[in-house]
Amino acid sequence: MIAAATLHAFSTEMLVGSMTFSVVATVLCFGESVFRKVGERAQRGLDHAGYFAAIFSLCCIPIVAITGNAAGDASSSPILVNKMLLSGLCLGLWIGVIHGRRTWGPEMWSNRKMGLIHTGIVCAGYTTAAMLGSIGSVMTRGETVGDVFGIWPHFDNAPSLSFGLSVLLMSFSLTALLVVIFVQPKGEKVKS
């Protein structure tokens, strides 16, 4: 039997690799939409690569969260509580990345504002994943590369949320998700 910590390390590496690939492809795609140096075919390839890497990342996030929770006791560690909260934020950002790309289509790169917004959401999702990795590094080694920057947040204390407040926040999140999926007017694909 494989230990939960080993599965967590493996799934984390899969997640970080796919997210890094998605971010690099998306940033290069945005750069191509601004500077027009490589060509439309290369941009289309970068767009598809970033999109499919984001989908794979989205599939990895719950696995990483579950194996991380199994590797430690979240009820006794404020650091693990913060890690679980950031996992939810990371999941939401990557859902936004995929939903935006699917809604706008690959032609979104012809509109610089949409391309910039999409690239910003991808980078925010990656930053959240980097914070999660930083927390894991603090837990296992007592230090993190993020400490070099000086502005990296510390997660030694967890917010105190009652059960009622947790249910209320979950209800708001679920309502917002359902509104975006079913009520909000569907976006139209960008026409090039």
| request: Please indicate, with yes or no, whether at least one residue in the range 56-65 is at pLDDT 85 or above and of a type in the set (Ser, Thr, Tyr). | output: yes
| query | So which residues in the range 1-51 are touching a Lys or Arg at 6+ places or on another chain (Cβ under 7 Å) and farther than 12 Å from VAL122 by Cβ? | reply | SER33, VAL34
| task | Any residue in the range 124-150 that's without any contact (Cβ under 8 Å) to a residue 12 or more places away in the chain: show its pairings with residues that are aromatic (Phe, Trp, Tyr) at Cβ separation under 8 Å, as long as the two are six or more apart or on different chains. | result | THR144/TRP152
| field | Considering residues of the range 15-68 that are in contact (Cβ under 8 Å) with a residue 40 or more places away in the chain, closer than 20 Å to THR103 by Cβ and of a type in the set (Gly, Ala, Ser) only, the residue surrounded by the most Cβ atoms within 10 Å (Cβ to Cβ) | value | SER57
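A quick yes/no check of all residues on (1) more than 18 Å from ALA130 (Cα to Cα); (2) not in a helix (DSSP H, G or I):
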| position | (1), (2) |
| --- | --- |
| SER33 | yes, no |
| VAL38 | yes, yes |
| SER57 | no, no |
| ILE79 | no, no |
| query | Of the residues that make up the range 106-121, is at least one on the phi < 0 side of the Ramachandran plot and within 11 Å of the chain's Cα centre (by Cα)? | reply | yes
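The values are calculated or read from the model by the stated rules, or taken from the named source; none is laboratory data. Because the structure is predicted, anything quoted here is derived from the model rather than measured. Glycine also receives a Cβ, built like all others from the backbone with ideal geometry; neighbour counts cover every protein chain displayed.
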